[in-house]
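This report refers to the structure that appears directly beneath it.
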Amino acid sequence: MSVGIKPINDYVLIKRVEAEEKTASGIVLPSQAKEQPQIAKVIEVGPGTDEVKMVVKAGDKVIFGQYGGMDIKYDGEEYKLVRQNDIYATVK
């Protein structure tokens, strides 16, 4: 799924997964009360560097650091550009 942004070096373009609108007990949350998820889908991956081999790939779901990276708005969508080091784990 190409979006027109191709990361360079060890950067990864991710898109947050939408937060749940209901709590476990069934309470519907208004949009401003929803917690921002730290799970995202990998959209594009840079080629890596001589020092950094890329281990994530497009389509992976990942857990990333809340304060890392840069927020990007492109073509009406919101993305985040992070270094692979800011990604902590993949989610199945």
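Any read-out appearing in this document is the output of simple, stated calculations on the displayed coordinates, not a laboratory observation. These figures come from a predicted structure and were not determined experimentally. Here the Cβ is made from the backbone with ideal geometry for all residues, glycine too, and neighbour counts use every protein chain on show.
Can you give the net charge of the other residues whose Cβ lies under 13 Å from the Cβ of I63, counting K and R as +1 and D and E as -1?
On the way: positive: R16, K41, K61, K80, K92; negative: D60, D86.
Every neighbour counted, the sum reads +3.
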Using a Förster radius of 35 Å, what is the FRET efficiency between K92 and D50 based on their Cβ-Cβ separation? Nearest 0.05, please. 0.70
Any chance you could run the full-extension gain for I72 through I39? It's 0.36 nm times the residue separation minus the Cα-Cα distance, nm to one decimal. 10.2 nm
